[in-house]
Amino acid sequence: MKLIVRDASVGYDRDKPVQKFVNFSVESGEVCCILGPNGCGKTTTVKTIIGLNELIEGTITIDGSDVTRWSAARLSDTVAYVAQRTSQPFPYQVKDIVMLGRISKMQSMNGQPTAKDHNIVENAMDEMGILHLRDKPYNDISGGELQMVMFARALAQEPKLLILDEPTAALDYGNAVRVIEKIRHLRKVGYGVLMITHNPDHAFMTGANVALFMRNKTMRFGSAYDIITRENIQDAYGVNVKLVEFMHDNKEIMRTCAPEFGGDDD
């Protein structure tokens with residue numbers, strides 16, 4: 001599977017696109033992080049890929065096929081979307097929430113889950129390490145556990161590409177690290193992952209490519225180590241940073257992005 005976004009203009013008004021000339025790609029076994037300041041078109045681009053917004057110009061293809069011409073059913077066979085915020089006022093059990101990922105694929109005449117559906121849901125929960133939560137009410141679990149449930153629901157779709165909109169938003173540090181660890185795992189087992197994030201370090205942590213949206217409606221795309229530089233972060237966000245390298249597990253050099261503060265105000 002390979003998603004290619006080429007020379008795309010996205011937005012809600014054809015005469016005033018939010019972002020123009022969007023170019024990036026992600027394929028199976030890769031992570032692509034979309035970075036950029038608020039209002040630069042990150043979520044708008046994702047919503048265009050999944051068909052919620054109309055593409056203004058350019059092309060969006062998966063394996064060479066024009067995604068904008070796909071039916072919702074065909075798109076759901078390939079792409080699963082995990083939104084930034086999910087609310088559920090009713091105390092459904094976790095296993096029932098994950099089963100929602102099977103709706104478009106249920107084959108029985110009465111729309112009831114088959115043994116195959118139940119097996120796929122169990123495997124998805126196992127993949128995300130939440131089998132022990134299967135019978136718990138969805139609205140009684142923690143924020144980190146909730147995100148794992150949403151990942152499991154997406155996996156139950158049996159997609160090739162996962163699109164995640166700020167998957168660590170509102171999570172505490174521990175749960176955010178666990179989510180990033182799961183994203184690393186999903187990449188290693190062959191999923192393509194397209195992720196909106198506000199943290200440049202997520203790109204380094206996941207070995208990602210980066211689509212960096214700039215304030216002037218341009219963008220830059222490449223490996224995290226090529227794109228996340230002092231100059232590019234300054235241009236995108238208007239802040240100064242320094243990049244620090246360290247040895248991880250005595251075998252891998254990793255990098256982190258730290259703010260560079262000025263002198264004391266007092």
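Summary of values
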read-out: Extreme residue, farthest from Arg187 (Cα to Cα), among residues of segment 1-19 that are touching a residue at least 24 places away in the same chain (Cβ under 8 Å) and among the charged types (D, E, K, R); value: Arg14
read-out: Among the residues listed as Gly263, Gly192, Gly222, the single one being among the small types (Gly, Ala, Ser) and modelled with pLDDT under 95; value: Gly263
read-out: Candidates Tyr225, Tyr173, Tyr191 - the one that is within 12 Å of the chain's Cα centre (by Cα) and not charged (D, E, K, R); value: Tyr191
read-out: Enumeration of residues in segment 189-246 that are part of a loop (DSSP other than H, G, I, E, B) and closer than 25 Å to Val179 by Cβ; value: Val189, Gly190, Tyr191, Thr197, His198, Asn199, Gly207, Ala208, Ile228, Val239
read-out: Which listed residue, of Thr61, Thr68, Thr45, is in contact (Cβ under 8 Å) with a residue 40 or more places away in the chain, hydroxyl-bearing (Ser, Thr, Tyr) and touching a helix residue (DSSP H, G or I) at 6+ places or on another chain (Cβ under 9 Å); value: Thr61
read-out: For Ser104: the one exception among (1) of a type in the set (Gly, Ala, Ser); (2) without any contact (Cβ under 8 Å) to a residue 40 or more places away in the chain; (3) surrounded by fewer than 16 Cβ atoms within 10 Å (Cβ to Cβ); value: (2)
read-out: Condition check for Asn199: out of contact with any His (no Cβ under 9 Å at 6 or more places or on another chain) and modelled with pLDDT under 95; value: no
read-out: Members of segment 16-36 found to be of a type in the set (Gly, Ala, Ser) and farther than 15 Å from Ile49 by Cα, listed by number; value: Ser28, Gly29, Gly36
read-out: Residue selected from segment 49-101 under the condition under 17 Å from the mean Cα position of the chain (by Cα), among the aliphatic types (A, V, I, L, M) and farther than 19 Å from Val22 by Cα, by the criterion surrounded by the fewest Cβ atoms within 10 Å (Cβ to Cβ); value: Ala83
read-out: Set Leu194, Leu171, Leu161: member being surrounded by 15 or more Cβ atoms within 10 Å (Cβ to Cβ), in contact with a Gly (Cβ under 9 Å, 6 or more places away or on another chain) and under 23 Å from Ile49 (Cα atoms); value: Leu161
read-out: Checklist (1) free of Cβ contacts under 8 Å to residues at least 24 places away in the same chain; (2) closer than 17 Å to Ile34 by Cα applied to Ile233, failing item; value: (1)
read-out: Residues satisfying the stated conditions in segment 116-135, i.e. farther than 25 Å from Gly190 by Cβ and free of Cβ contacts under 8 Å to residues at least 24 places away in the same chain; value: His132
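The values are calculated or read from the model by the stated rules, or taken from the named source; none is laboratory data. This structure is a prediction, so every number in the text was calculated from the model and none was measured. Here Cβ is always computed from backbone atoms with ideal geometry, including for glycine, and neighbour counts include all displayed protein chains.
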